[in-house]
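Some notes on the structure that comes next.
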Amino acid sequence: MLDTALIWFCIYCYAVATILLLTGFVFSKNKLLKIAGFLVLPAFLAHTTLFGMRWVRTGWFPANGELENALTAGWFAIAFTVYLFARNRSTSGVALFTVPATLLLMGYGVMKAPSPLPMEASLKSSWLLIHVLFAQLAFGSYLLVSGFGLLYVLKDRRIRSENAIGFYGRFPALEIIDELMFKFVIYGFIAQAIMIVSGSIWAKELWGSYWGWDPVEVWALVSWLLYGLSIHLRVTLGWRGRRLAWLMIFLLSTVIISYWGINIVVENSKHIFGVVS
Amino acid sequence: MRTNKPSGNSLYKFLKSIRFTTTVLSSLIVVYFLSLLVPQKMLFPTAAQYRAWLGESPLHRLLDALRLTEIYASPLTMFLLGLFFLNLILVAVDRIPVVLRRAYLNGEVPRVDPGLVKESSSTISFMVAAPAGSLADRTGRFFRKRRWGVVTGRVAGTFVAVRNRLSPLGFFLFHGSFILCLLGGLVLTYTRFTGKVAVAEGETLQGRLDTVGAVVKSPLLFRKLPEMLLHVDRIETRYEEGAASDLIIDVDSVIGGVSRKERIRVNEPLTQGAVSLVAQTVGLAPVVVVTAPDGRVVDTAVVKLNVLKGHGDSFALGSRNQYHITVRYFPDYAVYNGAETSRSPEPRNPAFHLVIEKEGAQLYDGTVRLGEEAAMEGFRVAFKELHYCANFQIIREYGQWPLIAGFLLGSLGLIMRLIFYQKRVQLVVEEREGATMVYLLGQAEYFPHSFAGEIAALAADLQHELNGEK
């Protein structure tokens with residue numbers, strides 16, 4: 001009961017915040033962004049309570065079924081956003097990306113599996129925490145990277161078209177956005193590497209081999225290689241600015257496909273666990 | 001004037017270039033992407049299903065002929081992986097001097113150009129009321145206290161302060177980890193034996209690994225396989241709200257001469273040296289008793305059936321295996337709207353739907369509970385006791401240590417290189433018109449703009465320190 005109330009409270013808050021953020025950005029209204037920021041905070045508190053409740057109730061890191069995965073992924077995305085907001089309010093523009101993404105994730109989770117699912121034997125492993133924690137840390141960082149990418153593109157376009165910053169003056173300089181974007185790429189890349197490694201060790205215990213070329217594994221590898229390539233493009237070939245920002249926005253799709261897309265379209269992935277909502 | 005360079009040199013330069021890395025990586029990504037569009041042979045549950053898929057369309061047969069259904073082992077993928085590792089090795093070797101120089105490990109005294117430092121627009125300078133000669137030690141102490149390394153420059157009065165001096169070595173750890181992973185992967189692949197075996201409660205298996213069950217993959221190296229004795233004492237399945245929440249298998253084993261009493265669970269395989277036994281699924285192993293019309297028991301057998309999760313399975317009975325019996329299992333039998341079903345996966349009310357056929361003719365079609373009998377040509381068949389059987393995957397492989405070492409070194413290398421990235425401050429101290437001037441030019445890998453604030457704060461602190469202000 002409390003679960004349901006908290007879930008819907010979060011969804012409504014994130015929905016209203018999304019509307020305010022979109023309106024604020026489209027019509028250059030600073031005030032709306034501020035209100036959105038203050039709406040996200042109570043939603044994040046409710047989200048944290050929900051996340052903690054699920055963890056305490058089952059004794060396992062919330063990663064069982066679509067709703068728990070959505071809750072966890074969204075929690076990391078919003079936690080990063082709130083952290084940035086607390087450190088430097090000028091970076092809170094990433095909320096334009098992270099809040100709607102969390103809203104969509106939670107909506108999808110609620111639609112697929114509204115109530116808690118029993119924990120299947122194959123998920124009961126100490127590796128669950130490590131594997132999923134780093135997977136969600138990576139997802140949260142990459143979501144932020146895309147958020148910064150979007151912010152970069154919007155600000156850059158405003159400067160180019162109007163030769164004035166105006167509304168976008170409240171956000172960091174383009175060079176700083178570029179560096180923040182890269183910082184979170186690095187964070188996500190390392191977290192994803194640990195996710196792949198821990199998943200591989202877990203797979204050995206569960207399925208008997210470190211790597212089985214399962215579609216989810218292949219996409220995780222493809223996505224990691226692409227982010228690795230983007231790091232090389234920046235560090236070695238000097239990619240910067242709009243080109244890199246667009247690439248970062250695009251690369252998020254590879255993570256979304258790996259985490260959620262494959263299990264929707266592929267039937268024979270080992271990563272579809274027994275309890276299906 | 002153009003000069004013709006030897007083509008070998010150009011090829012070498014190309015093979016170690018970042019453009020080549022990008023091309024090979026992009027090609028590998030395309031290949032891996034293709035593997036998601038083309039159904040892969042290994043992902044078909046059975047060989048028969050794969051053959052059926054091949055029969056569906058000429059396109060499927062073409063994909064099979066091109067080996068695109070086994071894309072990860074295809075010559076194209078192997079070729080690309082070969083190029084990738086060649087590039088990796090060439091890049092790593094090529095960068096040895098650069099990395100050593102950046103980590104200040106090549107023995108050279110760094111060259112700091114006082115002119116460049118003083119002229120740079122990013123340089124911070126301040127005046128100190130002390131002779132230049134006395135500042136070297138104090139500046140060194142200041143940086144060392146903050147865990148920066150200090151190297152004296154070639155020109156008098158110049159220094160380089162470095163934070164995370166060894167960070168560039170992370171490059172070798174990360175790129176070397178790929179080599180270790182490749183090595184581990186190759187050893188694993190070529191020494192791997194995979195077999196499958198179903199063992200019922202109370203059953204004992206004994207023999208060489210490749211003789212106790214079905215062989216899935218034979219090793220290409222280290223072909224000699226150890227002997228194994230496996231006795232399954234007990235199998236227990238646990239359920240939670242209709243989901244299989246635990247599987248416990250108590251076994252006695254002797255593998256490679258080592259005797260052990262062990263509990264195997266999902267996620268907790270039995271590992272003895274290079275051999276491991278992974279519990280994959282459980283099946284049923286009922287005791288089937290056949291009684292003759294005069295009441296004599298003519299046959300008793302334990303049959304292993306993969307009938308859990310609603311799957312159907314079959315077995316043969318009779319002196320010439322002339323009776324073909326198809327089984328569907330209902331652990332918690334119920335009939336809803338005329339259809340047979342199970343209320344839960346737990347064995348609360350077990351029942352079997354049996355279809356008995358002989359030479360294509362159906363002799364029986366009905367449902368029996370545990371102990372009840374099904375009649376066929378005067379004989380009666382009953383499932384008397386219900387036991388479980390465990391389906392194990394048996395693996396023998398070597399090479400996990402290079403792989404694990406690769407994993408660890410790779411992660412460590414990434415953290416060293418990308419989180420603890422190098423920050424460097426070039427310092428010039430010189431006396432000018434009776435005063436001592438200190439110039440600082442800060443540089444940080446990856447994040448020069450974010451570093452500007454840090455270097456400004458550092459310069460302010462240094463100024464206070466050198467001027468004796470607190």
Once the Cβ-Cβ distance between residue B:296 and residue B:246 is put in as r, and R0 is 35 Å, what FRET efficiency do you end up with, to the nearest 0.05? 0.25
Quantify, in whole percent, the carbon and sulfur part of the accessible surface of region B:121-256 (1.4 Å probe; protein heavy atoms only). 57 percent
Distance between region B:133-155 and region A:19-41 - C-alpha centres, whole angstrom: 49 Å
nm² value of the averaged projected area, convex hull over the Cα atoms of chain B: 39.2 nm²
Please list, in order along region A:181-193, the HN-Hα scalar couplings obtained from phi with the Karplus expression 6.51 cos²θ - 1.76 cosθ + 1.60 (θ = phi - 60°), rounded to whole Hz, x for Gly and Pro. 4, 5, 4, 6, 5, 4, 4, x, 5, 5, 4, 5, 4
For residue B:196, go through the lysines and keep the ones whose alpha-carbon is under 25 Å away, minus same-chain ones fewer than eight residues off. A:124, A:204, A:270, B:41, B:217, B:224, B:261, B:304, B:309
Taking the convex hull of Cα positions in chain A, its mean projected area over all directions (nm²): 14.4 nm²
Give me the 1.4 Å probe accessible area per residue for chain A, excluding ligands and nucleic acids, in Å². 39 Å²
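Counting heavy atoms of the protein chains only and a 1.4 Å probe, report the per residue accessible area for region B:196-316 as a whole number of Å². Walk me through the numbers before you get to the answer.
Values: 5910 Å² over 121 residues.
I get 49 Å² per residue for region B:196-316.
Quick one: with all protein chains in place, what share of the accessible area of region A:190-277 is carbon or sulfur, to the nearest percent (1.4 Å probe)?
Working: 2160 of 3270 Å².
Reported share for carbon and sulfur atoms: 66 percent.
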Principal axis extents for region B:362-415, Cα atoms only, whole Å, descending order, please. 73, 23, 22
Among A:255, A:13, A:60, whose Cα sits farthest toward the positive end of the charge dipole of chain A (+1 at Cβ of Lys/Arg, -1 at Cβ of Asp/Glu, about the Cα centre)? A:13
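So how much accessible surface do B and A hide from each other in total, probe 1.4 Å, in square angstrom to the nearest 100? Provide the component values of the computation, followed by the final result.
Working: alone 26370 and 13020 Å², together 35110 Å².
Separately minus together, B and A give about 4300 Å² buried.
Starting from the Cα gyration tensor of region B:64-125, take the square roots of the eigenvalues, sort them a ≥ b ≥ c, and report rounded, prolate or oblate (rounded when a/c is under 1.5, otherwise prolate if a/b is larger than b/c, else oblate).
Details: a/c = 7.14, a/b = 3.14, b/c = 2.28.
It comes out prolate by the Cα gyration axes.
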Inverse of mean 1/r across different Cα pairs in region B:120-257, Kirkwood, Å: 22.5 Å
Can you give the Kirkwood hydrodynamic radius for region A:164-209, in Å, rounded to one decimal and based on Cα pairs? 13.4 Å
Student exercise, chain B dipole from Lys, Arg, Asp, Glu Cβ charges, in Debye to nearest 20: 2400 debye
Pick from A:66, A:217, A:267: which is most flexible by mean-square fluctuation in a GNM of chain A where alpha carbon atoms under 10 Å apart are linked? A:267
Quick one: which residues, 5 or more positions from residue B:112 or on another chain, have an amide H under 5 Å from its amide H? H modelled 1.01 Å from N in the peptide plane, none for Pro or chain starts. B:154, B:155
Suppose we keep just the alpha-carbon trace of region B:206-354; what are its Rg and Dmax in angstrom? 19.0, 59
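Tell me, what is the FRET efficiency for residue B:432 and residue B:9 to the nearest 0.05, using R0 = 56 angstrom and their Cβ-Cβ distance as r? Each step should come with its number before you reach the end.
Details: r = 49 Å, r/R0 = 0.87.
The calculated FRET efficiency here is 0.70.
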Residues of region A:181-214 buried by at least 30 Å² on assembly (accessible area, 1.4 Å probe, chain alone as reference): A:183, A:186, A:189, A:190, A:197, A:204, A:205, A:206, A:207, A:208, A:210, A:213
Would you mind telling me which residue in A:148, A:27, A:167 has the biggest mean-square fluctuation in a Gaussian network model of chain A, where springs connect alpha carbons within a distance under 10 angstrom? A:27
Calculated FRET value between residue B:189 and residue A:30, using beta carbons and R₀ = 35 Å, to 0.05: 0.05
Using a 10 angstrom cutoff on alpha carbons, build the Gaussian network for chain A and name the most mobile of A:165, A:190, A:264. A:264
With the dipole of chain B worked out from charges on the C-beta (+1 for Lys and Arg, -1 for Asp and Glu) around the Cα centre, which of B:42, B:164, B:193 lies farthest toward the positive end? B:164
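Work out the length of the dipole vector of region B:39-162 about its Cα centre, built from +1 on the beta-carbon of each Lys and Arg and -1 on the beta-carbon of each Asp and Glu, and round it to the nearest 20 debye.
On the way: 16 positive and 8 negative charges, 134 e Å.
Dipole of region B:39-162, to the nearest 20 debye: 640 debye.
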Computed on Cα atoms only, the convex hull of region B:329-454 has an orientation-averaged projected area in nm² of 20.7 nm²
Largest first and to the nearest Å, give the Cα extent of region A:136-217 along each principal axis. 60, 20, 14
Say the dipole of the protein assembly as shown comes from +1 at the beta carbon of Lys and Arg and -1 at that of Asp and Glu; which of A:118, B:52, B:112 then lies farthest toward its positive end? B:112
Any aspartates and glutamates whose Cα falls less than 15 Å from that of residue B:13, other than same-chain ones fewer than 8 residues away, would be B:94
Cα centroid separation - region B:221-264 against region A:115-164, whole Å: 40 Å
Can you classify region B:272-371 as rounded, prolate or oblate using the Cα gyration tensor, where a ≥ b ≥ c are the square roots of its eigenvalues, rounded means a/c under 1.5, and otherwise it's prolate if a/b beats b/c and oblate if not? oblate
Distribution output for region A:51-175: share of Cα-Cα pairs per 10 Å bin in percent, first bin at 0, values 13, 36, 27, 15, 8, 2
Nearest 10 degrees is fine. How inclined is helix B:400-414 to the longest principal axis of chain B, computing both from alpha carbons? 40 degrees
On Cα atoms only, tilt of A:241-256 relative to the major axis of chain A in degrees: 20 degrees
Given the C-alpha centroids of region B:164-202 and region B:399-467, what is the distance between them in whole angstrom? 34 Å
With +1 assigned to the C-beta of every Lys and Arg and -1 to the C-beta of every Asp and Glu, and no other charges, what is the dipole magnitude of region B:45-104 about the Cα centre in debye, to the nearest 20? 320 debye
Convex hull volume per residue for region A:48-96, taking Cα atoms only, in Å³: 70 Å³
Rounded if a/c under 1.5, otherwise prolate or oblate - region A:124-277, Cα gyration tensor axes: prolate
Kirkwood Rh and Cα-based Rg: tell me the resulting Rg over Rh for the protein assembly as shown, rounded to two decimals. 1.06
Whole-Hz Karplus couplings 3J(HN,Hα) for region B:376-386, θ = phi - 60° and coefficients 6.51, -1.76, 1.60, Gly and Pro as x, run 8, 6, x, 7, 10, 10, 9, 9, 8, 10, 10
Measure nothing fancy, just the Cα-based angle from helix A:126-162's long axis to the longest principal axis of chain A, in degrees from 0 to 90, nearest 10. 20 degrees
Rg/Rh of region B:411-467 (Cα atoms, Kirkwood Rh), to two decimals, equals 1.13
Rounded to a whole %, the carbon-and-sulfur portion of the accessible area of region B:306-408 at a 1.4 Å probe is 50 percent
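Leaving out ligands and nucleic acids, note down the accessible area per residue over region B:415-470 with a 1.4 angstrom probe, in whole Å².
Details: 2620 Å² over 56 residues.
Spelled out: the 1.4 Å probe surface of region B:415-470, per residue, equals 47 Å².
The values are calculated or read from the model by the stated rules, or taken from the named source; none is laboratory data. Worth saying up front: this structure is predicted, and the values here are computed from it rather than measured. Glycine also receives a Cβ, built like all others from the backbone with ideal geometry; neighbour counts cover every protein chain displayed. Only protein heavy atoms, including side chains, enter the accessible area calculation; ligands, DNA and RNA are left aside. Shrake-Rupley method; radii C 1.70, N 1.55, O 1.52, S 1.80 Å.
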